[in-house]
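Q: Before I ask anything, here is the structure I am working with.
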Amino acid sequence: MFNIKIILVAILFPFVGLSQGLLTNTVNRNITSLNGSWNYIIDPYENGYYNFHSEVYDQKNPTSTSAFYNNYHAKDKLELVEYDFDKSPTIIVPGDWNTQKENLFYYEGTVWYKKSFDYLLKENKRLYVYFGAINYNADVYLNGTKLGTHEGGFTPFDFEVTSIVKRKDNYLVVKADNKRSLEAVPTVNTDWWNYGGITRDVLLIEEPGVLVQDYTIQLKKGDVNTIIGYVTMSNPVQGKKITISIPELKIEKEIQTTSGGKAVFEFSNDSGNWGTLKYWSPESPKLYEVLIKTDHQLLKDNIGFRTIETKGPDILLNGKSIYLRGISIHEEYKGKRATRESDALALLSWAKELGCNYVRLAHYPHNEYMLRMADKMGLLVWEEIPVYWTIDFKNEATYSNAKNQLTEAITRDKNRACVIIWSMANETPLSEARNSFLIKLINHTKTLDSSRLISAAQLTRNENGIGIIDDKIGEYVDIIAFNEYMGWYGGDLATAPEVNWSSPYNKPVVVSEFGGGAKQGLHGSRDERWTEEYQEYLYQQNLLMIDKIPNIRGISPWILTDFRSPRRMLPGIQDGFNRKGLISDQGMKKKAFFILQDFYKTKKLQFD
Ligand code: GCU
């Protein structure tokens, strides 16, 4: 029999302060999908939200409710009503509006969505409406009642609707607004398309009166024979009985919540009762079925157990030094927002075909499908929040926004073994305000999850021909990651292999981006920019240079596939796409794909 110690909640646990209220592991809950055809109304002047004196309808004037969020029809021919959802066109959810409607391709503003549904809520059950993501600002209403708002285009949120839902003719209305702004996260300037809308799944989730709100279960840091975890119930009930079981390890134990509605536990394998625990790794992505049972609920999940840590220049996965054979990926498949599990499978299958054991999911938290697919396929993950370029680092509201998006990402993905790195930022300009902003985010991350590594894609400087990686943030992160564009934004490809790099930190180094553009199918000499041959040569020369970097432990070249960007408009070559992909936006591989594939598959990487 193994030892189990019900540990008082007072003992600090690696996960505290996670996003309260956010339901996790939704894919395995009692869900009804609201995906599909929704009516929509374009509202560039936000006429449905502000009256003609710019007063907000649903706060300042609760009586004169906004036209748009009531599924209201004129009572008679005399009444003035200037909208009608049911007569309006439809759009598919999930999906960006830009690539679904030609007149919305460049649109940045408000679109109102409406979905009608019937629902029979059983007695003593609770109902939630859950959004995988809405880019960028969302106001949500059900049956004319405002449920709330959310800011941030890449993390989930939910609202309880138990007391509002009706048996018939419910109408869910969403105001989605993708306008960019200086104080937002990301800010106004990004090298990716500002896809607007309800871009991820919308679910109704039916739960018991007292439900399993959140939980985590993982190997104890530094002890591969001990599994620790906690379960948080929705209500702060004491003495709630919860049974945790991992059948394959012959673990089954009843635990009880303390006054805060939380129960923590620790399973140790002192007697070897589990047999041999198969650790999760890219080579063997073993997932165990975990069951969490209460008197009214059975929640299942598939969880991998592994350790990740650094030691000097090494990244140790399950105690063994590894080299991150990676590739960067945007959440885009064939020229539109990737929204489905099949998109995740396609993108990560290309990564596997490259010979990757690792992916950098840039520059924001991707769809949960990507994380669960990476768990299954055995790909380590760098997960990032969109603190990108010139964020308003002096703005407290901007920091709170970034902190909230980070909290939501960690709350959602903390049980995914594939995630090994939380990234705070990408190429942010140096300043005291920026350092303070990032250090606060780093410290916040450590309070949420002390089990994973922390990094950020930094910029470098050149001193007498030597690349210097001495960003102050290097003191606070576990992995020194930086982007370099030798041979694309400067530098001489012919002599690139002679360039040396130096860093004052004795930590693992990862080149989080390098690359160059090529139009797939355009051929010529390797000295001719935009040809596949140029990109091929750029990869050859950069890989020779990178291989010499002290403490190099991985790379994630920029980028798996061409992707849309309003900053890339060269006619006949870019046409609105960033062409640094190893694969075109139509799925055609370029010659450089095979250079990287060969590097990963043949070169004995000294740390594998
Ligand atoms: C930057 C940035 C990417 C961008 C890339 C490029 O490093 O991180 O988001 O797309 O370079 O210029 O193509």
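Q: In the set 358, 333, 323, which member is more than 17 Å from the chain's Cα centre (by Cα) and of a type in the set (Phe, Trp, Tyr)?
A: Being more than 17 Å from the chain's Cα centre (by Cα) and of a type in the set (Phe, Trp, Tyr) holds for just one of 358, 333, 323, which is 323.
Q: Right, another one. State yes or no: is residue 281 open to solvent by 10 Å² or more (accessible area, probe 1.4 Å), closer than 30 Å to residue 476 by Cβ and among the small types (Gly, Ala, Ser)?
A: yes
Q: Yes or no: segment 529-540 includes at least one residue that is free of Cβ contacts under 8 Å to residues at least 12 places away in the same chain and either away from the ligand (no atom under 13 Å from the Cβ) or among the hydrophobic types (A, V, I, L, M, F, W, C) (or both).
A: Within segment 529-540 (the criterion being free of Cβ contacts under 8 Å to residues at least 12 places away in the same chain and either away from the ligand (no atom under 13 Å from the Cβ) or among the hydrophobic types (A, V, I, L, M, F, W, C) (or both)), the answer is no, since none of the residues qualifies.
Q: Then there's this: When the residues of segment 485-512 are filtered to those that are open to solvent by 10 Å² or more (accessible area, probe 1.4 Å) and under 28 Å from residue 320 (Cα atoms), which remaining residue is nearest to the chain's Cα centre (by Cα)?
A: Across segment 485-512, the extreme among qualifying residues is 507.
Q: Still on this structure, I have one more. Among the listed residues 261, 304, identify the single one that is open to solvent by less than 20 Å² (accessible area, probe 1.4 Å) and on the phi > 0 side of the Ramachandran plot.
A: 261
Q: Which one is farthest from the ligand (Cβ to nearest atom), of the residues in segment 595-608 that are in contact (Cβ under 8 Å) with a residue 12 or more places away in the chain and not in a loop (DSSP other than H, G, I, E, B)?
A: Among those that are in contact (Cβ under 8 Å) with a residue 12 or more places away in the chain and not in a loop (DSSP other than H, G, I, E, B), it is 601.
Q: Which condition breaks for residue 434 when tested against (1) within 16 Å of the ligand (Cβ to nearest atom); (2) not in a helix (DSSP H, G or I)?
A: (2)
Q: For residue 21, all conditions in the list (1) closer than 18 Å to residue 129 by Cα; (2) at pLDDT 85 or above hold save one; what is the number of the exception?
A: Among (1) closer than 18 Å to residue 129 by Cα; (2) at pLDDT 85 or above, residue 21 violates only (2).
Q: Can you tell me which residue in segment 504-513 is farthest from the ligand (Cβ to nearest atom), limited to those that are in contact with an Asp or Glu (Cβ under 9 Å, 6 or more places away or on another chain) and either of a type in the set (Lys, Arg) or assigned to a loop (DSSP other than H, G, I, E, B) (or both)?
A: 504
Q: Ok, one more. Going through 581, 554, 516, 572 one at a time, which residue ends up being away from the ligand (no atom under 16 Å from the Cβ), among the small types (Gly, Ala, Ser) and farther than 15 Å from residue 325 by Cα?
A: Unique residue meeting the criteria: 572.
Q: When segment 401-433 is examined, which residues are found to be closer than 19 Å to residue 190 by Cα and surrounded by 20 or more Cβ atoms within 10 Å (Cβ to Cβ)?
A: 401, 402, 405, 406, 423, 424, 425, 426, 428
Q: Name the strands (runs of 3 or more DSSP E) wholly within segment 439-503 that hold at least 3 residues that are away from the ligand (no atom under 15 Å from the Cβ) and out of contact with any Ser or Thr (no Cβ under 9 Å at 6 or more places or on another chain)?
A: By residue number, no strands (runs of 3 or more DSSP E) qualify.
The values are calculated or read from the model by the stated rules, or taken from the named source; none is laboratory data. Small disclaimer: the values here were computed from a predicted structure and weren't measured. So basically every Cβ, Gly included, is an ideal-geometry build from the backbone, and we count neighbours across all protein chains shown. Areas reflect the complete protein model, heavy atoms only, side chains present, ligands, DNA and RNA absent. Shrake-Rupley method; radii C 1.70, N 1.55, O 1.52, S 1.80 Å.
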